[in-house]
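The numbers here are math on the coordinates, done by the rules we state, and not lab data. Remember, predicted model here, so these are calculated numbers, not experimental data. Every residue, glycine among them, receives a Cβ derived from its backbone with ideal geometry; neighbour counts consider all protein chains shown.
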Amino acid sequence: MGLLLGDIAPNFDAVTNEGPISFHDWIGDNWVVFFSHPADFTPVCTTELGFTAKLKDEFAKRNTKAIALSVDSAEDHKAWIKDIEETQNVAMNFPIIADVDRKVSTLYSMIHPNAASAVTVRAVYVIDANKKIRATFTYPPSAGRNFNEILRLIDSLQLTDNYKVATPVNWVDGEDVIIVPTLSDADADKLFPAGYKKIKPYLRTTKQPNKG
């Protein structure tokens with residue numbers, strides 16, 4: 001069985017284009033988006049890495065850092081980054097792990113032999129500041145990921161960590177949220193003094209509590 005939600009993200013030492021890291025030390029007190037790429041000098045990955053670099057300020061707002069992984073060498077990464085910066089009109093600003101021996105990608109179940117035996121799939125791990133895995137998803141090598149969805153997911157996780165709410169289908173930051181069903185109406189009255197809409201006993205919506 002692979003890594004599960006709530007597990008502590010395994011620590012590892014690795015070489016990156018920015019130098020060696022110890023993963024847990026590198027995380028520090030940040031949230032992390034850790035995502036794998038099938039290989040260097042591939043077209044979909046080039047667009048993904050470029051777009052992620054453009055999200056630097058959005059990640060910073062969420063106390064989040066990005067780190068990528070590819071099974072090629074750090075020297076290949078450095079050469080590829082020149083292509084990414086040229087074609088995507090961005091300066092790269094996060095590390096790419098060089099996983100030539102596939103040690104890290106195996107540790108994180110990023111190699112799916114029945115899908116692609118020689119490369120990693122497009123795995124994503126969202127890891128919180130306590131080093132816990134909070135979300136995962138996996139795309140095939142051919143399909144680029146939606147990084148706006150990753151931001152939306154982090155918004156939901158960080159919101160629901162701090163308030164007794166859940167986020168409904170297609171929710172984006174600023175929209176109404178759902179009061180968790182384990183909270184009684186009496187307690188909801190205290191926690192949400194601005195009020196809420198009771199659609200069903202188990203379905204109560206309220207304004208996003210951290211938006212004033």
Report the FRET efficiency, 1/(1 + (r/R0)^6), for Ala39 and Arg152, where r is their Cβ-Cβ distance and R0 is 22 Å, rounded to 0.05. 0.20
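If you place +1 on the Cβ of every Lys and Arg and -1 on the Cβ of every Asp and Glu, how big does the dipole about the Cα centre of the chain come out, in debye to the nearest 20?
Working: 23 positive and 27 negative charges, 194 e Å.
Dipole magnitude for the chain comes out near 940 debye.
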Using Stokes-Einstein with the Kirkwood hydrodynamic radius over Cα pairs, what translational diffusion coefficient do you get for region 20-111 at 20 °C and a viscosity of 1.002 mPa s, in µm²/s rounded to a whole number? 158
How large is log10 of I(q)/I(0) for region 127-212 at q = 0.13, 0.18, 0.19, 0.23 Å⁻¹ when the intensity is taken from the Debye formula with one equal scatterer per alpha-carbon? -0.50, -0.83, -0.89, -1.14
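Rg/Rh for the chain: what does it come to with C-alpha atoms and Rh from Kirkwood?
Details: Rg = 19.4 Å, Rh = 18.6 Å.
Over the Cα atoms of the chain, Rg/Rh equals 1.04.
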Identify which of Ala186, Ala79, Ala39 has the largest mean-square fluctuation in a Gaussian network model of the chain, with springs joining Cα atoms closer than 10 Å. Ala186
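Can you pull the Kirkwood radius for region 163-211, inverse mean 1/r over Cα pairs, to one decimal in Å?
When all Cα pairs of region 163-211 are included, the Kirkwood radius is 10.8 Å.
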With a sphere of radius 11 Å drawn around the Cβ of Arg145, what net charge do the other residues whose Cβ falls strictly inside it have (Lys, Arg +1; Asp, Glu -1)? -1
Suppose we keep just the alpha-carbon trace of region 50-167; what are its Rg and Dmax in angstrom? 15.4, 47
Candidate lysines - alpha carbon under 23 Å from Lys207, same-chain residues fewer than 8 apart omitted: Lys61, Lys164, Lys190, Lys197, Lys198
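Please state the equivalent ellipsoid semi-axes for region 1-63: what are the square roots of 5 times the Cα gyration tensor eigenvalues, largest first, in whole Å?
For region 1-63, the ellipsoid semi-axes come out as 21, 17, 14 Å.
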